[in-house]
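Below: one structure in structure tokens.
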Amino acid sequence: LTMESGNIYCLMAPSGKGKTTLFRILMGFEHADSGQITGLTHTRISAVFQEDRLCEAFTPLDNVYMAAAPAFTKAQIREELLALLPEDALNRPVCTLSGGQKRRTAICRALCAPFDLLIMDEPFTGLDSTTKQTVIDLINDLCTGKLLIIATHAEDDAVLLNAEIVRL
């Protein structure tokens, strides 16, 4: 399987077929039992995990700012977050946000981090269709020219992202 920068790929398979394990191997958290991964030397990887992995006492602004690429100012991060969250949520501790708001914060953090490859493991879980479309619009804005690999169970997600489907 060859994946090229500038493209979006949706990995589709039933639960337990190895999508998350593949992501863990790509990120260097696990070693493959067989096969080879090539072409990732010096590749900056950002990720959205199945769990949000946010600093609960920090605000959404602080969660994104601490991981953001140097090119992003706090004002720019605020604008990106405002596309996903109500303004009153930006300066509250993440622990006070709803599950969907936490998810959107985690997605924004991954999108604002410096990356060549963005891995997203079930990123749209818990998002309604309107919110999902807003998130997809932001993904399309911030991922131009980058490689994006998403694990999803929903073929509709691949269609909305105009992604190539990879069945495992």
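The values are calculated or read from the model by the stated rules, or taken from the named source; none is laboratory data. Since the structure is predicted, the reported quantities are computational estimates derived from the model, not experimental observations. Don't worry about glycine lacking a Cβ; one is built from the backbone with ideal geometry, like all the others, and counts go over all protein chains shown. Ligands, DNA and RNA are excluded from the accessible area calculation, which covers all protein heavy atoms including side chains. Shrake-Rupley method; radii C 1.70, N 1.55, O 1.52, S 1.80 Å.
Considering only segment 11-21, I want to know if a residue exists there that is within 20 Å of the chain's Cα centre (by Cα), closer than 18 Å to Phe115 by Cα, in a loop (DSSP other than H, G, I, E, B) and not hydrophobic (A, V, I, L, M, F, W, C).
no
Looking at segment 25-77, which of its residues are among the charged types (D, E, K, R) and closer than 16 Å to Pro123 by Cβ?
Across segment 25-77, the qualifying residues are Glu51, Asp52, Arg53.
Scan segment 122-155 for residues that are open to solvent by 10 Å² or more (accessible area, probe 1.4 Å), closer than 23 Å to Pro14 by Cβ, touching a Ser or Thr at 6+ places or on another chain (Cβ under 9 Å) and not in a loop (DSSP other than H, G, I, E, B) and jot them down.
None; the set is empty.
Any idea which of (1) within 15 Å of Leu142 (Cβ to Cβ); (2) exposed (fewer than 12 other Cβ atoms within 10 Å of the Cβ) is the one Ala83 doesn't satisfy?
Checking Ala83 against (1) within 15 Å of Leu142 (Cβ to Cβ); (2) exposed (fewer than 12 other Cβ atoms within 10 Å of the Cβ), the one that fails is (2).
Only one residue in Ala68, Ala106 is assigned to a loop (DSSP other than H, G, I, E, B), of a type in the set (Gly, Ala, Ser) and without any contact (Cβ under 8 Å) to a residue 60 or more places away in the chain. Which one?
Only one candidate qualifies: Ala68.
Residue by residue, here is whether (1) assigned to a helix (DSSP H, G or I); (2) charged (D, E, K, R); (3) open to solvent by 50 Å² or more (accessible area, probe 1.4 Å) holds:
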{"position": "Gln36", "(1), (2), (3)": "no, no, yes"}
{"position": "Gly39", "(1), (2), (3)": "no, no, yes"}
{"position": "Asp52", "(1), (2), (3)": "no, yes, no"}
{"position": "Ala57", "(1), (2), (3)": "no, no, yes"}
{"position": "Asp62", "(1), (2), (3)": "yes, yes, yes"}
{"position": "Gln76", "(1), (2), (3)": "yes, no, yes"}
{"position": "Glu79", "(1), (2), (3)": "yes, yes, yes"}
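OK, next. Considering every residue within segment 23-31, establish whether at least one is open to solvent by less than 50 Å² (accessible area, probe 1.4 Å), more than 17 Å from Cys108 (Cβ to Cβ) and free of Cβ contacts under 8 Å to residues at least 40 places away in the same chain.
Yes; the residues of segment 23-31 include at least one that is open to solvent by less than 50 Å² (accessible area, probe 1.4 Å), more than 17 Å from Cys108 (Cβ to Cβ) and free of Cβ contacts under 8 Å to residues at least 40 places away in the same chain.
Six or more apart or on different chains, Cβ atoms under 6 Å: show the pairs whose first residue is in segment 129-148 and in contact (Cβ under 8 Å) with a residue 12 or more places away in the chain and over 16 Å from Ser46 (Cα atoms) and whose second is open to solvent by 50 Å² or more (accessible area, probe 1.4 Å) and of a type in the set (A, V, I, L, M, F, W, C).
Ile136/Leu160
Could you look through segment 156-167, keep only residues that are open to solvent by 80 Å² or more (accessible area, probe 1.4 Å) and either touching a strand residue (DSSP E or B) at 6+ places or on another chain (Cβ under 6 Å) or among the charged types (D, E, K, R) (or both), and pick out the one that is nearest to Arg78 (Cα to Cα)?
Asp156
Counting only residues that are open to solvent by less than 40 Å² (accessible area, probe 1.4 Å) and in a loop (DSSP other than H, G, I, E, B), how many does segment 109-121 have?
2
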